[in-house]
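Colleague: Below you will find the structure I want to go over with you.
Nothing in this text is a laboratory measurement; each read-out follows from the coordinates by a stated rule. If you're wondering where the values come from, they're calculated on a predicted model, not measured in any experiment. Note: ideal-geometry Cβ built from the backbone for every residue, glycine included; neighbour counts use all protein chains shown.
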Amino acid sequence: MATNVATNHQSLKMMNFRSIWILIIIDALLLGSILTGLSFDGTILNILSKITLLTSTAGIGIILVKFMNEIIPSHIKAILVFWRVHHVLPGHRAFSELANRDVRIDINVLQKKLGELPVNPDAQNKLWYRIYKKNEHDIRVQEAHRNYLLFRDCTSLTLIIAMIAIIFAIVIKAIISQWLFIILLVVVQFLLCALSARNTGIRFVQNVLAAECSKACEQKF
């Protein structure tokens, strides 16, 4: 998977826009309600003041999170997803590992069409990316790519949300129960998003190779 993503990268991210904003808003409201101590006991005035505080806090948090996520480099996001420092992307293992794990991919067909398949991780990634560019409009490829971008961004967003929540918790001198809620929410959400991004990233790489195999088989007939 190349670090420089496809030309339709931005359009795919726009398709994920609503889902990402929903995640940010839900997290902001959940964390904001816990950290501001929102409850529905007391006078109407007290409840309204707490709702106003919650809305303001969530609104500021949403803007900060979205801005900060846009300035995080793609390779840093990939490290958060795949938990590797070198040869991070699954494209680095496209032919030596991932192709053999998908029954749709026939290595012999790829070798006949592409020649000797590379073993070097960087060479694998470059060759995979060239194949991707030829199949980027395949519906299976686009869907897998979109899902990968969605969960990848949600993974990095979770850490940003966590940092903002921790800073806010320190400022208001949060109690133990509030800290436990923050930790639980962040850890569970991060693991779910990271593992989902990892699986969809691998599927993205495999779908590209499967699409190339399909083309090669169709050309025989």
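Colleague: Across all directions of projection, what mean area in square nanometres is found for the Cα convex hull of the stretch 106-221?
Modeller: If I average the Cα hull's projected area over directions, I get 9.3 nm².
Colleague: Would you mind giving the average projected area, over all directions, of the Cα convex hull of the stretch 85-158 in nm² with one decimal?
Modeller: Seen from a random direction, the Cα hull of the stretch 85-158 projects 5.8 nm² on average.
Colleague: Take peptides 127-133, 81-87 and line them up by average Cβ neighbours within 10 Å, highest first, as a rough protection proxy.
Modeller: Top to bottom by mean Cβ count within 10 Å: 127-133, 81-87.
Colleague: Which entries of K126/K215; K113/K133; K112/K215 show an alpha-carbon separation above 18 angstrom in the structure shown?
Modeller: K126/K215
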